[in-house]
Amino acid sequence: VNLRCGAWYARHPDATAYFKSTDGHANQWALSLKRLNLGFAKLAANSGGALLVDATRRGRPLPDSFAKTVPIWCCCVNRAVRGE
């Protein structure tokens, strides 16, 4: 559950995440160390995947967090796990 916009979709989530859409704005390609979301990463790794929910207003086909921030986070986590 993305604490920023989707917390009301799950009554008792196994893990939470906090992705801020501005992390991926204006060529900001660095991962925020304040929002590592390691609990969410651990849950996804241990259970073969995880579902991330966001509740962005209508009119947006894909929220910025899903279009930019989450892919950057996934890349960084994968590279860290692989030791790159």
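For Ser47, Ser32, the ranking by accessible surface with the largest value first comes to Ser47, Ser32, using a 1.4 Å probe. Computed from the C-alpha gyration tensor, the three semi-axes of the ellipsoid equivalent to region 38-84 are 24, 14, 6 Å, from longest to shortest. Accessible surface of Val81, taken over heavy atoms with a 1.4 Å probe and every protein chain present, rounds to 120 Å².
The values are calculated or read from the model by the stated rules, or taken from the named source; none is laboratory data. The structure presented is a predicted model; accordingly, all values stated were derived computationally and were not measured. The area values use the complete protein model at the heavy-atom level, side chains included, leaving out ligands, DNA and RNA. Shrake-Rupley method; radii C 1.70, N 1.55, O 1.52, S 1.80 Å.
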